[in-house]
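Engineer: One structure, pasted below without further comment.
Just so it is clear, none of the values below were taken in a lab; they were calculated from the coordinates. Please read these numbers as outputs of a predicted model, since none were measured by experiment. Here the Cβ positions follow ideal geometry from the backbone for every residue, glycine too, while neighbour counts run over all protein chains shown.
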Amino acid sequence: MRSLPYFCRGQVVRGFGRGSKQLGIPTANFPEQVVDSLPADVSTGIYYGWASVGSGDVHKMVVSIGWNPYYKNMKKSMETHIMHTFKEDFYGEILNVAIVGYLRPEKNFDSLGTPEHLLSTYPLPEMAGL
């Protein structure tokens, strides 16, 4: 994506229910309208930046933009993992995201493994400047 930083916002909607339940990595999902309005030059993959829910504090985040090849999704999604522990779900709240960098392309996995394994696929040292 040439147009970094990129800012977007939208109401948090229910996703596939895999982030927290299957992977142990909760994600906040944007509605299709937000995903469909991404710049034409956006590459699928993992990005990093900042996020806030409503008028709350700003936290580090990673966001997956793409098709989730392991699950063979038919629709592109935008799933944000905020690096903060929230006390409760925030479906329906407004999620504000500032994407500031690209980490890696989307990957397919042979198996899900553990949350620690999945998180280890993010080159987090590149995010140290956040």
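Engineer: Give the calculated FRET efficiency between Thr85 and Asp41 to the nearest 0.05, with a Förster radius of 35 Å applied to their Cβ-Cβ distance.
Structural biologist: According to the calculation, E is roughly 0.55.
Engineer: Take the Cβ-Cβ distance between Ile94 and Leu4 as r, set R0 to 25 Å, and report the resulting FRET efficiency rounded to the nearest 0.05.
Structural biologist: So the FRET efficiency works out to roughly 0.70.
Engineer: Whose amide H sits under 5 Å from the amide H of Glu106, counting only residues 5 or more places off or on another chain, with H placed in the peptide plane?
Structural biologist: HN-HN under 5 Å from Glu106: Gly45, Ile46.
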